[in-house]
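Please read the structure below before turning to the comments.
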Amino acid sequence: MNPTALHDCLQRLIPHVNIARIALTGGVAIGVHVDSERGDRTRADAAEDIDFLVDSVDAVRETVTHEFLVSHFHLPQPGYPKFLLQLVDPATRLRLDFFPDTLHALSRAPVNSVAGVRLHVVSALDILTHKLALLSGASVESPTDEKHYADAKQLSTACGLDLPALPHAHLARTSYSRDVDKTCSRCHVSQDRRFPLASKHTIFGILGYV
């Protein structure tokens, strides 16, 4: 992800969100914290998507569909208490994911400049706490994506904390679906005319996965 694409994507997103109710997290936010320690942008530019925490899904206005495609839209449902909004930017070919702020990290997220755009950025410690929670459930039978462990190592260094070693057998690399004909059951029960789903073929043509 080059800084120009990140800047352009964020600039076009801002008019469609309540800026006070969202905070940047994930790889770009980790890059803000880690790269500030090293004085470069290597980690931030290596991020594959843009992740946000929001206090509620309505922090993203329906006008976002004027410029972005909806890849997934999940509302809370039996056995699934969370929500998810996943957007795709046709212009920069970036994916944007919006997750619930289950750690109430938004209230502790300071404003920072990200690719020239002012945003709340989740603190390194809050992101590390989330990563450690994911890693705590890892096992041979249920491995966790290895990127979470790599992120936790960088964040623990930035926070001055020790990270317990995790067996390699507890880690795996997540692969994205390429099945454009598969129906997402959570999207199906969450259908909302305000956030119409884009064609899986269109999403695949942009991202190379669905």
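The values are calculated or read from the model by the stated rules, or taken from the named source; none is laboratory data. Please read these numbers as outputs of a predicted model, since none were measured by experiment. For neighbour counting, all protein chains shown are included, and Cβ atoms are generated from backbone atoms with ideal geometry for every residue, glycine included.
At-a-glance table
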quantity	calculated
Members of segment 102-118 found to be buried (at least 19 other Cβ atoms within 10 Å of the Cβ) and either within 17 Å of Val34 (Cα to Cα) or acidic (Asp, Glu) (or both), listed by number	Ala109, Val114, Ala115
Count of residues meeting criterion [exposed (fewer than 14 other Cβ atoms within 10 Å of the Cβ) and out of contact with any helix residue (DSSP H, G or I) (no Cβ under 8 Å at 6 or more places or on another chain)] in segment 119-146	5
Verdict on Ser71 being of a type in the set (Gly, Ala, Ser) and either surrounded by 15 or more Cβ atoms within 10 Å (Cβ to Cβ) or free of Cβ contacts under 8 Å to residues at least 24 places away in the same chain (or both)	yes
Output for segment 82-139, where each listed residue is among the aliphatic types (A, V, I, L, M) and in a helix (DSSP H, G or I)	Leu106, Ala124, Leu125, Ile127, Leu128, Leu132, Ala133, Leu134, Leu135
Output for segment 133-144, where each listed residue is touching a residue at least 24 places away in the same chain (Cβ under 8 Å) and under 18 Å from Thr157 (Cα atoms)	Leu135
Complete set of residues in segment 166-210 that are closer than 23 Å to Lys147 by Cβ, among the β-branched types (Val, Ile, Thr) and not in a loop (DSSP other than H, G, I, E, B)	Ile203, Ile206
Qualifying positions in segment 154-209 - touching a strand residue (DSSP E or B) at 6+ places or on another chain (Cβ under 7 Å) and farther than 30 Å from Thr129 by Cβ	Val189, Asp192, Pro196, Leu197, Ala198, Thr202, Ile203, Ile206
Members of segment 57-85 that are farther than 16 Å from Ile14 by Cβ and among the hydroxyl-bearing types (Ser, Thr, Tyr)	Ser71, Tyr80
Lone qualifier among Ala158, Ala172 - being in contact with a helix residue (DSSP H, G or I) (Cβ under 6 Å, 6 or more places away or on another chain), farther than 30 Å from Thr63 by Cα and touching a residue at least 24 places away in the same chain (Cβ under 8 Å)	Ala158
Selection count, segment 119-134, where residues are under 15 Å from Asp51 (Cα atoms) and of a type outside the set (Lys, Arg)	10
Residue match in segment 150-162 (condition: surrounded by 14 or more Cβ atoms within 10 Å (Cβ to Cβ), in a loop (DSSP other than H, G, I, E, B), of a type outside the set (Lys, Arg) and not assigned by TED's automatic domain parsing to the domain that holds Ile22)	no
Which numbered condition Val88 misses (of (1) out of contact with any helix residue (DSSP H, G or I) (no Cβ under 9 Å at 6 or more places or on another chain); (2) under 15 Å from Leu13 (Cβ atoms))	(1)
Index of the failed condition, Gln77 passing every other in (1) at pLDDT 95 or above; (2) in contact with a Lys or Arg (Cβ under 8 Å, 6 or more places away or on another chain)	(1)
